[in-house]
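Any read-out appearing in this document is the output of simple, stated calculations on the displayed coordinates, not a laboratory observation. Keep in mind that this is a model prediction, so the values were computed, not measured. In this analysis, Cβ positions are derived from the backbone assuming ideal geometry, glycine residues included, and neighbour counts consider all displayed protein chains.
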Number of protein chains: 2
Amino acid sequence: MARADEDEVEAGGDAVWRERAIERSTRGARERAAMRVQQFLDAAREIISEKDSIEFTVQEIVDRSKQSLRSFYQYFDGKHELLLALFEEEMADTVARIREASADGDPLDRLEQAVLILYDICSPERRSSIQPLFFEFAQLLLISHPDEVSRAYTPLFEYLVGIVDDAAKAGFLRPGKPRRQAAIVLQASTTTAGRSGGGTHPITGEEMWEFCLHAIVPDDVAAARSKRTSRSKST
Amino acid sequence: MARADEDEVEAGGDAVWRERAIERSTRGARERAAMRVQQFLDAAREIISEKDSIEFTVQEIVDRSKQSLRSFYQYFDGKHELLLALFEEEMADTVARIREASADGDPLDRLEQAVLILYDICSPERRSSIQPLFFEFAQLLLISHPDEVSRAYTPLFEYLVGIVDDAAKAGFLRPGKPRRQAAIVLQASTTTAGRSGGGTHPITGEEMWEFCLHAIVPDDVAAARSKRTSRSKST
DNA sequence: CGGCGACGATAACGTAGTTCTCGCTCTGCG
DNA sequence: CGCAGAGCGAGAACTACGTTATCGTCGCCG
């Protein structure tokens, strides 16, 4: 985390020690700065958790973090940057969580876990996760800052690509481009649910997974899988 | 459109003429009110078209419509109600458009047209339609006013259910509940695209359709369809 | 120890949504 | 035809929020 921009050295090697000197002289400040940024982020997370809403004000963040507006705008270009930072943190956590949950099993098992978790996180109703609405609010950011959000999705996307690649290598998939298939599964899994008309209850994660499964694997593979679920879930 | 609430008559039949009398006496005012509302809506649509953005102010609407703020808040509970009204109008247009485009062909052809149009409308990039961003902004409304938006989706949903029902009757679909399948196809088709990481270009409507197709129909049906596309598109 | 950069508190500004006030007009009705 | 009252137009005012600027202070480094 510290010393992240040392590689900006371009020409002379003498720039190295100069950078290092500057680095050492400003290390304390940088650490303090990082701590302050983190305090802002933590305060924001707390408030979002408490209100179960992202409709907070910058002022609330500032009050909670025992800092000042001045500092806030010194570290963030504005509210949207704070949100983006939160979203990236949350994305890292999410990827880690999915990694963990989808560690074992064949590629389709792993993909299933990923889809279930993702869809669950994006559902407005579910409260299984602690911060359920970062993805919900990602929809907002996606409109105002599409590029940044897309970039933030990259690690998750690449992880899914890895799984789908494995599935393709194992011959589970219909012929096609794995990256495209991963992209479309990701897209489908991260839709805020609860769309369709009145009486219908929202689509569940399991339904979404069934949908994606059949979309990307041939019938015989899917049939073999669903038959297997009757028995235990060994290796 | 006029005389929509006559059916509130409950007890005596004599309420009919009274209602009718009141109706006639207030018809003029009601027509004027309807016209004013429509002027607001038209102005909003114009401005949204021009700016290609839904970031307009109430004041702009008022100026354009040659009316006053006072009137605006007399007819709408706030900006969100205007947006909701616009969205419902747009939804009606969209359903009509999809109805037209998906009139002919077997149920899967019709569903394909519906998905392509829907996905196209929801894509931020496409400019094929005149008002491309009502669905984009529906995502926003979906978070702040989920119930109303869900209700607004109902006619579209029911139309899709009709198509999917036909497909089920024709034996094209995997066994399952048509309403659920329609709901999930709708949900997938109305996601704002452009999610996945950096270099990847967004999912196209055709890709989305292929995805949905395989998700709901068995392989042999899909194979028969894709073979058929080589030839012409007769009945 | 002196300067300097960072920080905290707070006021101020711009914008947007919403409400209020006032005066006029136009409709409905006797 | 004339009156009463509701509805409406114009615009100011109010509120909330994001953002920026000012100024005094404190701590660190030389």
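See the values below:
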| read-out | value |
| --- | --- |
| Sequence-separation-based contact order of segment B:42-163, relative, with Cα cut under 8 Å and 6+ spacing, percent | 25 percent |
| Around residue A:178: net Lys/Arg minus Asp/Glu count, Cβ-Cβ under 15 Å | +1 |
| Peptide-level mean, for B:177-188, of C-beta atoms on other protein chains within 10 Å | 6 |
| Exposure proxy order (Cβ contacts within 10 Å, fewest to most) of A:35, A:91 | A:35, A:91 |
| Inter-copy spacing of residue A:80 label points, which lie 7 Å from Cα along Cα→Cβ, given in nm from shortest upward | 2.2 |
| Model label zone, residue B:151; criterion: amide N under 13 Å from point 7 Å along Cα-to-beta-carbon; scope segment B:27-66 | none |
| Other copies of residue B:30: label-to-label distances in nm, shortest first, labels 7 Å along the beta-carbon direction | 7.2 |
| Assigned charges on the beta-carbon of Lys, Arg, Asp, Glu; segment B:139-187 dipole about Cα centre (debye) | 260 debye |
| Segment B:43-131: projected area of the alpha-carbon convex hull, averaged over directions, in nm² | 6.5 nm² |
| Qualifying lysines (Cα of each under 18 Å from Cα of residue A:66; at least 8 residues distant if same chain) | A:79 |
| Per-residue Cβ neighbour rank within 10 angstrom, fewest leading, B:165, B:42 | B:42, B:165 |
| 7 Å along Cα→Cβ, label-point gaps from residue B:223 to other copies, nm, shortest first | 1.2 |
| Stretchable slack from residue A:100 to residue A:224, in nm (0.36 nm times residue separation minus alpha-carbon distance) | 42.1 nm |
